[in-house]
Amino acid sequence: MIKITKHLRLRLNYSTILDDQSKFYIKPIEGFELIDFSGEFLIQKDGKLKNKLLQFSQHILIYSRKKYINILNATLLVIFDKNNEIEGLKLTKSGTSLEIYQRPHKLYEYIRKYCIQREISDRYKITQTVYYGSNATFLKLESSLDPNVVYVAKIYEKQNLISEEQKQSLKKEVQILRTINHSHISNLIEIFEDDELIFLIQEELKGESLQTTLEKQQKFDENQIKQIMKPLFECVSNLHDNNIFHRDIKPQNIIYRTQLDYTEPCLIDFSLADFWNKNGRYLFTRCGSIGYVAPEVLQDKRYVLNIDVYSLGIVIYILVTLKHPFEDQDKNKMIQKNYHGKIDFTNVQCSQILMDLLTKCLEADYTKRLNCKEALKHQFFLNKIPKVLSFKIKDNRKPSLIRTPRSQNKQHSISRFSNDSGNSLNLSQSPSSIDSDRHSSSKIKQNNVLPEINIFRPKSKYFQTRKSQYDPSTNRIE
């Protein structure tokens with residue numbers, strides 16, 4: 001049990017994982033052409049105030065022509081006036097501080113996701129526990145700056161981040177969330193870290209998951225499939241433009257932004273995302289969710305960004321057929337189907353145009369598979385979508401062919417990979433299901449001080465070595 005209190009107030013030194021110990025002032029960097037924000041402020045340094053033009057780009061404050069400021073993972077203290085308005089900002093890093101005054105609230109909006117704040121109990125109160133995940137707890141929070149806006153906090157318990165690999169995995173997730181900003185993801189807002197917990201504050205997504213929709217819906221027409229999938233391809237294309245692949249696309253990781261509009265699907269959970277590189281070396285290499293991962297990942301081959309296109313193709317297949325393409329009574333055969341990318345299209349009933357897109361996304365040979373930009377230029381997506389703001393989801397779960405861990409104890413899934421090198425598979429262990437499940441809990445009473453948080457996190461499951469990266473509770477290989 002962890003209780004968040006205000007006992008850390010005004011402390012200068014914290015136990016930190018995210019601080020990178022880099023210098024505060026750095027030499028000018030060439031190529032800074034795009035300025036995100038610019039403004040005149042009062043700067044306090046060495047006890048003196050002076051007017052200063054500050055320009056901001058990515059995580060760099062341009063202080064002068066000869067001096068830049070690297071705010072990445074700097075400690076950010078927000079100074080409020082008596083009306084709870086932002087009066088000033090104090091940035092501290094590697095023993096150096098800078099105070100910024102004179103209406104810095106707009107600057108704050110730009111810099112806060114790159115910095116680390118400390119006193120979350122001053123800024124947020126819990127409104128609801130969303131669910132307990134295998135590696136983190138998710139809470140809904142209400143901001144004191146804007147009580148009308150609700151955010152979601154992904155919370156890591158630092159005592160469980162024991163190995164260097166675990167810490168590097170968290171840092172990678174933070175780095176990626178800071179890099180991306182898109183209308184079809186839950187964007188990172190800011191980060192808090194104290195001695196015990198790390199909070200990733202993100203936009204709230206109010207709708208249900210695509211998995212929940214699949215449990216309700218008996219059939220999707222092709223316009224509905226287009227409305228769901230086109231924004232997802234656009235989102236993943238944006239990731240790929242930033243050299244990022246998600247590596248865990250599946251219906252559970254797709255949530256609608258609002259409850260009433262099913263045309264705004266958003267991609268969540270970037271804990272397995274990484275930056276593509278030519279040498280093929282990653283913190284986690286063979287990773288993803290069994291049944292959605294591209295064959296080349298299972299085959300321990302080097303892979304490129306279009307592994308995400310394969311996963312999106314699996315999602316399309318499920319929307320068309322309400323079945324999983326690798327479903328089989330024999331779990332060993334199911335493994336081999338995914339491993340070889342063997343998909344039977346004979347019973348898939350859809351238009352010729354959609355079938356063409358589907359087969360090109362699910363091409364087992366990645367050199368022949370579409371990339372995201374090519375997929376978006378496909379005739380299926382170029383055809384006009386009728387102006388429908390949302391489509392009605394039929395809530396009739398009984399005849400649904402999509403099964404979940406709760407409703408099916410013997411879901412056919414894939415066992416963990418062998419710890420041996422090479423392409424061998426260890427089929428001795430049966431996982432629980434193909435898909436992870438999120439467990440909701442009841443609301444927590446609102447308090448001025450954040451209440452106790454009970455974080456259930458198995459230490460030996462989610463974070464594992466690169467040769468043992470399978471979580472049987474979620475059917476994820478990591």
field: So Leu49, is it surrounded by 17 or more Cβ atoms within 10 Å (Cβ to Cβ) and either without any contact (Cβ under 8 Å) to a residue 24 or more places away in the chain or not in a helix (DSSP H, G or I) (or both)
entry: no
- request: Go through (1) modelled with pLDDT under 95; (2) assigned to a helix (DSSP H, G or I) and name the single condition Met355 misses.
  value: (1)
task: Could you run through the stretch 232-243 and say how many residues are crowded, with 20+ Cβ neighbours inside 10 Å, touching a strand residue (DSSP E or B) at 6+ places or on another chain (Cβ under 6 Å) and farther than 18 Å from Glu204 by Cβ?
output: 1
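Can we say Glu190 is of a type outside the set (Phe, Trp, Tyr) and in contact with a Ser or Thr (Cβ under 9 Å, 6 or more places away or on another chain)?
no
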- prompt: How many of the residues making up the stretch 250-264 are surrounded by fewer than 18 Cβ atoms within 10 Å (Cβ to Cβ) and under 19 Å from the mean Cα position of the chain (by Cα)?
  reply: 1
field: Top-ranked residue of the stretch 287-335 - restricted to ones that are part of a loop (DSSP other than H, G, I, E, B) and acidic (Asp, Glu), ranked as nearest to Ala273 (Cα to Cα)
entry: Asp300
field: Neighbours by Cβ (under 8 Å, 6+ apart or cross-chain): first from the stretch 360-382, within 14 Å of Leu232 (Cβ to Cβ); second among the aromatic types (Phe, Trp, Tyr) and crowded, with 16+ Cβ neighbours inside 10 Å
entry: Cys361/Tyr310; Cys372/Phe233; Ala375/Phe233; Ala375/Phe381; Leu376/Phe233; Phe381/Phe233
query: In the stretch 102-124, what residues are hydroxyl-bearing (Ser, Thr, Tyr) and either under 17 Å from Gln58 (Cα atoms) or at pLDDT 95 or above (or both)?
result: Tyr108, Tyr110, Tyr114
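The values are calculated or read from the model by the stated rules, or taken from the named source; none is laboratory data. None of these values were measured; they are calculated from a predicted model. Glycine gets a Cβ as well: all are built from the backbone with ideal geometry, and neighbour counts include every protein chain shown.
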